[in-house]
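Visitor: One structure, pasted below without further comment.
The values are calculated or read from the model by the stated rules, or taken from the named source; none is laboratory data. Here the structure is a predicted model, which is why all the values come from computation and not from measurement. Don't worry about glycine lacking a Cβ; one is built from the backbone with ideal geometry, like all the others, and counts go over all protein chains shown.
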């Protein structure tokens, strides 16, 4: 039933697979299904048979420095999960695939481009009454050559955003309206995870990330997405776009939508996001 | 208790939350957390005539750790009739140990969301609503 996805008119429909497609490929040795959630215990409670878990905190972050894991550790992680450079990796997760797209984005930094997202994520799989298990699969370790990490194409650093601002380049802030307006600086009781200043990067449009998703967890059609990102937010596919949020996780979802579903060639995710910008001395802010 | 048993305890608290719901006549209503990250709760606290805690409850949504742990700590307060002072002295690290450090992992913030919000509610209660403190004038020596 990949037809459902074809009909939604995406630029890269191959980036999505249906729950039915996944059900038919549970034992496919060329496919590795990866669950990546915000709720870190969901995988233990039950997951798609043969799916492995990748946790964005424990597995994808550098344990000390604010950065992602290094190429050696990525290769090691791939080996442990039974993934080769040729494996088709299908991500799914909770919260409308928010964390699944984040994991996918990190895979792309390491040049693992054979990646897909299961449209509808975990919630759709469960709603359809499909099989879940608590059995954690084991796969033979693979030989995964240490890749080069390329941060240039899809990742933006603060200096990139500053240069982008000088050119009046389009930015999309995918946080909630209260975060965008500066009324919400951080979570109560956790000021260390917030920012000293509230507001948004000057000129950024506000499109909360979840607007890209329907109630059943599947992505909206290309036409609906264009109405949101182009009709309302004023973006266009010939522009260089930078997306950001608080730490770069929600904006990876928007990066996926713009890059794969609408076919924008130059979209970057600014993972430093508001926790960097809102704490930086003399960084310009708009409210 | 092994890992799976600890997860089962949390899941049971999520499926059958204790002390869940809006508390009528609450002296303090204290929000905490973020729906965008880990979870958010509102803790309700009603004091008794002596400045102690008569009842607590919570509403909210979030992941298994944050919701399960919130239900666990409020049930403990209710069952063991903890005083405001005991709640404020309740150690975050000990609570994480009670839940299971191996399942909480790096999500200690989620695990302590309910406890930190409860402590904030108690502090507000002591500041603004506690009858025994309000009636008793401060003494100076």
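Visitor: Can you name the number of the only condition in (1) within 22 Å of residue A:230 (Cα to Cα); (2) at pLDDT below 95 that residue A:263 fails?
Guide: With (1) within 22 Å of residue A:230 (Cα to Cα); (2) at pLDDT below 95 applied to residue A:263, the lone miss is (2).
Visitor: Could you list all residues from the range B:14-28 that are touching a helix residue (DSSP H, G or I) at 6+ places or on another chain (Cβ under 8 Å) and more than 12 Å from every other protein chain (Cβ to nearest Cβ)?
Guide: B:17, B:18, B:19, B:20, B:27, B:28 - these are the residues of the range B:14-28 that are touching a helix residue (DSSP H, G or I) at 6+ places or on another chain (Cβ under 8 Å) and more than 12 Å from every other protein chain (Cβ to nearest Cβ).
Visitor: May I pose another question? Could you pull out the residue among A:250, A:246 that is within 14 Å of another protein chain (Cβ to nearest Cβ), crowded, with 20+ Cβ neighbours inside 10 Å and over 20 Å from residue A:108 (Cβ atoms)? Talk me through it step by step, then tell me what you get.
Guide: On the way: A:250 fails: over 20 Å from residue A:108 (Cβ atoms).
That would be A:246, the only listed residue that is within 14 Å of another protein chain (Cβ to nearest Cβ), crowded, with 20+ Cβ neighbours inside 10 Å and over 20 Å from residue A:108 (Cβ atoms).
Visitor: May I pose another question? Given the residues B:31, B:35, which is the only one that is facing chain A (nearest Cβ under 10 Å), closer than 30 Å to residue A:177 by Cβ and modelled with pLDDT of 90 or more? Even if it seems obvious, please write down each step before you answer.
Guide: Working: B:35 fails: modelled with pLDDT of 90 or more.
The unique qualifying residue is B:31.
Visitor: If I filter the range A:36-54 down to residues being facing chain B (nearest Cβ under 8 Å) and within 18 Å of residue B:4 (Cα to Cα), which single residue comes out as surrounded by the most Cβ atoms within 10 Å (Cβ to Cβ)?
Guide: A:40
Visitor: Further, regarding this structure: Go through the range A:39-74 and give me each residue that's farther than 26 Å from residue A:134 by Cα and in a helix (DSSP H, G or I).
Guide: Of everything in the range A:39-74, those that are farther than 26 Å from residue A:134 by Cα and in a helix (DSSP H, G or I) turn out to be A:71, A:72, A:73.
Visitor: Which is at negative phi, surrounded by 18 or more Cβ atoms within 10 Å (Cβ to Cβ) and part of a helix (DSSP H, G or I), of A:33, A:5?
Guide: A:5
Visitor: Hey, any hits in the range A:102-109 for a residue that's in contact with a strand residue (DSSP E or B) (Cβ under 6 Å, 6 or more places away or on another chain) and in a strand (DSSP E or B)?
Guide: no
Visitor: Taking the condition of being in a loop (DSSP other than H, G, I, E, B) and over 29 Å from residue A:263 (Cβ atoms), how many residues in the range A:121-143 meet it?
Guide: Residues that pass the stated criteria total 14.
Visitor: Still on this structure, I have one more. Of all residues in the range B:64-87, how many are out of contact with any helix residue (DSSP H, G or I) (no Cβ under 6 Å at 6 or more places or on another chain) and within 30 Å of residue A:184 (Cα to Cα)?
Guide: 1
Visitor: Would you check which residues across the range A:214-227 are surrounded by fewer than 21 Cβ atoms within 10 Å (Cβ to Cβ) and closer than 28 Å to residue A:287 by Cβ and list them?
Guide: A:227
Visitor: Go through (1) in contact (Cβ under 8 Å) with a residue 40 or more places away in the chain; (2) farther than 22 Å from residue A:142 by Cβ; (3) surrounded by fewer than 18 Cβ atoms within 10 Å (Cβ to Cβ) for residue A:65 and report which single condition fails.
Guide: Failing condition for residue A:65: (1).
Visitor: Could you check, for the range A:137-155, whether at least one of its residues is buried (at least 20 other Cβ atoms within 10 Å of the Cβ) and more than 30 Å from residue A:79 (Cα to Cα)?
Guide: Looking for residues that are buried (at least 20 other Cβ atoms within 10 Å of the Cβ) and more than 30 Å from residue A:79 (Cα to Cα), one finds none in the range A:137-155, hence no.
Visitor: Residues in the range B:87-98: is at least one more than 11 Å from chain A (Cβ to nearest Cβ) and in contact (Cβ under 8 Å) with a residue 40 or more places away in the chain?
Guide: No, the range B:87-98 contains no residue that is more than 11 Å from chain A (Cβ to nearest Cβ) and in contact (Cβ under 8 Å) with a residue 40 or more places away in the chain.
Visitor: Moving on. Can you find even one residue in the range A:56-64 that is under 27 Å from residue A:216 (Cα atoms) and within 14 Å of another protein chain (Cβ to nearest Cβ)?
Guide: Scanning the range A:56-64 turns up at least one residue that is under 27 Å from residue A:216 (Cα atoms) and within 14 Å of another protein chain (Cβ to nearest Cβ).
Visitor: Can you find, within the range A:192-205, the residue that is modelled with the lowest pLDDT among those that are surrounded by fewer than 17 Cβ atoms within 10 Å (Cβ to Cβ) and away from chain B (no Cβ under 12 Å)?
Guide: Checking each candidate, the answer is A:196.
Visitor: Conditions first: (1) in a helix (DSSP H, G or I); (2) more than 14 Å from chain B (Cβ to nearest Cβ); (3) in contact (Cβ under 8 Å) with a residue 24 or more places away in the chain. Residue A:20 passes all but one, so which condition is the exception?
Guide: In the conditions (1) in a helix (DSSP H, G or I); (2) more than 14 Å from chain B (Cβ to nearest Cβ); (3) in contact (Cβ under 8 Å) with a residue 24 or more places away in the chain, residue A:20 misses (3) alone.
Visitor: Since residue B:110 meets every condition but one in (1) closer than 25 Å to residue B:8 by Cβ; (2) surrounded by fewer than 24 Cβ atoms within 10 Å (Cβ to Cβ); (3) within 14 Å of chain A (Cβ to nearest Cβ), which condition does it not meet?
Guide: (2)
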